[in-house]
Amino acid sequence: MSKKPYPSDVTDDEWAFVAPYLTLMKEDAPQRDHDLRAVFNGLRWIIRTGAQWRMMPNDLPPWHSVYQQAQRWIAAGVFENIVHDLRALLRLAKGKKEQPSAAIFDGRTVQSTPESGERAEVTQNSVEVAFVDQGYTGDDPKNDAKDFDIKLIVVKLSEAKKGFVLLPRRWVVERSFAWTSRFRRLARDFERTPETFRSLHFLAFAILMLHNFVKTIAYIL
């Protein structure tokens, strides 16, 4: 009897795109004991459900195999590469330039756990303007942005308005934070290293952007 898929499983079209990124060794390599797609599905299940590694369902590869492979992908920067490439492709599909000229910076507070333990160069020097909230006022943020030739624009909330207000441009980053709430593993910092927690955010956005990319290509074709 064939395995019943989980809602978090990667689709055939999605797998066709990400497989080259995830294949760090040959399919017949002696170190590989489990199908790579099944391992990726195991990782997707973990980040979606927020379950403990040792709670991995029995019809997915063993938790330690998924964890070890995830660490290899993280060390290789796989998820970050996928996100950067998908961002460029989605922008080109919408008739935009490959690299953005503006960015939005913000911070997100996440509770830590007993297990848990900024950088501007990710802009690749293409960003000229950064939109931020009032938490980034003062000389330090302005000088940090200036070091990268970025103009800092603080979007302020009008004192005359009360309740929820949709701030110009700032709403985009809040929407991104809302998207991450769909991944329960990111609700709190359950990871032992900050590198793992950071990389799982890239994985989450890779999943979201990959779904969007497949729909965009299907629409174009």
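The table below gives the values:
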item: Ordering of 59-71, 38-50 by packing [mean C-beta count within 10 Å, highest first]; result: 38-50, 59-71
item: Pairwise FRET efficiency - residue 87 versus residue 53, Cβ, R0 = 22 Å, nearest 0.05; result: 0.15
item: Under Karplus coefficients 6.51, -1.76 and 1.60, residue-wise ³J(HN,Hα) of region 41-55 in Hz, glycine/proline x; result: 5, x, 5, 4, 5, 4, 6, 6, 8, x, 6, 5, 4, 6, 8
item: Estimated FRET transfer efficiency when R0 is 41 angstrom, pair residue 3-residue 128 (beta carbons, to 0.05); result: 0.25
item: Greater than 31 Å apart at Cα, pairs in 96/146; 4/94; 96/142; 3/96; 3/97; 96/151; result: 4/94; 3/96; 3/97
item: Using θ = phi - 60° and Karplus 6.51 cos²θ - 1.76 cosθ + 1.60, couplings along region 86-91 (whole Hz; Gly, Pro as x); result: 5, 4, 5, 5, 5, 5
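Laboratory data are not the source of any read-out in this text; all were calculated from the coordinates shown. Here the structure is a predicted model, which means the values were calculated and not measured. Counting neighbours? That spans all protein chains shown, and the Cβs are built from the backbone with ideal geometry, glycine included.
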